[in-house]
1. Could you say which residue among Ile109, Ile10, Ile73, Ile93 is in contact with a Leu (Cβ under 7 Å, 6 or more places away or on another chain), more than 19 Å from Val170 (Cβ to Cβ) and not small (Gly, Ala, Ser)?
2. Have a look at Leu242, Leu220, Leu209 and point out the one that is modelled with pLDDT of 95 or more and either out of contact with any Gly (no Cβ under 7 Å at 6 or more places or on another chain) or under 26 Å from Ser70 (Cα atoms) (or both).
3. Out of contact with any Leu (no Cβ under 6 Å at 6 or more places or on another chain) and among the small types (Gly, Ala, Ser) - does that describe any residue in the range 44-53?
4. Within the range 173-192, is there a residue that is buried (at least 16 other Cβ atoms within 10 Å of the Cβ) and in a strand (DSSP E or B)?
5. Would you mind telling me which numbered condition in (1) β-branched (Val, Ile, Thr); (2) in contact with a Pro (Cβ under 8 Å, 6 or more places away or on another chain); (3) within 23 Å of Asp240 (Cβ to Cβ) Thr34 fails?
6. Identify, from the list Ile96, Ile54, the residue that is at pLDDT 95 or above and out of contact with any Asp or Glu (no Cβ under 6 Å at 6 or more places or on another chain).
7. Is it the case that the range 27-44 has a residue that's within 24 Å of Ser230 (Cα to Cα) and β-branched (Val, Ile, Thr)?
8. What pairs come out if I take residues in the range 192-210 that are assigned by TED's automatic domain parsing to the domain that holds Leu19 and pair them with residues that are modelled with pLDDT of 95 or more and aromatic (Phe, Trp, Tyr) whose C-beta lies under 7 Å away, six or more apart or interchain?
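The values are calculated or read from the model by the stated rules, or taken from the named source; none is laboratory data. All of these numbers come straight from a predicted model, not from anything done at the bench. Cβ atoms come from the backbone with ideal geometry, glycine included; neighbour counts cover every protein chain shown.
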Amino acid sequence: MEMPTFKFAILPYCNAAPLVHFIPDFCHSASLITKYPSETIKELKSNRVDIALIPIVDFLSDETLEMIPSLGICANGPVESVLLQSNKPFEKIKSIRLFSESKTSNMLIKVLTWQYFGINHNIIFTTENIKTDAHIIIGDKALKRTDLEYTYDLSQLWYEQTNLPFVFAVWAYKNDCAHISTIESILKHSKEKGISNIPLLSRIYSEKLQLDPSYIEHYLTDCLYYDIGSQELESIKKFDKLITKINKNETAIQVKEFFPDKKETNEDIRQLYSGEGSQLR
């Protein structure tokens, strides 16, 4: 029996390669539509694709979507490709230029600044191409960046505050999607082949990005991973809860010093964000 043609919305960045590169090997009729992170959700919502690799913010904002439960783009500490760059230390930043391609990174920096400083610490966020104290840079552009005096890894800052990994993107589909079990099998096999072929992917993307293959291999193996388990689900719930608090303009999160003299334990940090989170779909 011939496999139906499935359409996948995928991301153009190197970090997605282990998930997406080998999809055609397991679905010869697959149609891959490459879009920026801010656009893959539109392909899914307009029914132009069956499934999309979307930013976690887009998944959390739409209750009609489901996610493949075990696959995503994750980091447990420094990710090296989601950064805040500045010529000022974090606590002196008053304006941040967001990154138009990434809703998740833009929301993450808002969550982090609120965690550190509280709602009354006024920071101007803008998407305009104007001079600011700091700016967000993500993806392949971040890998090829020119360093400024201060560079902050947002995934690392999240880990320091929560002792949890961060999930950047997930495979999402509409809850009435047909053939989802077949699609899930395709994606899992593609990921497994991608992980086992990191050296090949590193060579491909080193040529595209004009970077050393050893650096790309380090990035894909030491900075990123692609399996969602209990810790990752807890992190998604935590992020969802904090987004909700920000959107409701609540002030339940305690103000923290950015570089406190007191060395806190993970339990001390986690107590700041205790409470019932929203249920993950």
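1. Ile109
2. Leu220 is the lone residue from the list that is modelled with pLDDT of 95 or more and either out of contact with any Gly (no Cβ under 7 Å at 6 or more places or on another chain) or under 26 Å from Ser70 (Cα atoms) (or both).
3. yes
4. yes
5. Every condition holds for Thr34 apart from (3).
6. The conditions single out Ile54.
7. The answer is no; no qualifying residue exists.
8. Close Cβ pairs (under 7 Å, with a partner that is modelled with pLDDT of 95 or more and aromatic (Phe, Trp, Tyr)) amount to Lys193/Phe22; Gly194/Phe22; Ile195/Tyr226.
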